[in-house]
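Novice: Before anything else, here's the structure in question.
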Amino acid sequence: MKKNLTTPTNIVGKRKHGFRKRMASSDGREVLRRRRQKGRKKICI
């Protein structure tokens, strides 16, 4: 099996899945709305 050569970093994760990225699009805002509705403790990274 191949090894994972890319180590995830916090800044890259935040840029992809962070709150501001989610708020930037209408689909992302819909994701946040659904997660709030479900009662998630963390709505995003």
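Just so it is clear, none of the values below were taken in a lab; they were calculated from the coordinates. Small disclaimer: the values here were computed from a predicted structure and weren't measured.
Novice: So which of K16/K41; K3/K38; K2/K42; K16/K38 end up more than 24 Å apart by C-alpha?
Specialist: Beyond 24 Å between Cα atoms: K3/K38; K2/K42.
Novice: In degrees from 0 to 90, rounded to the nearest 10, what is the angle of the helix 26-38 Cα long axis to the longest principal axis of the chain?
Specialist: Once rounded, one gets 80 degrees.
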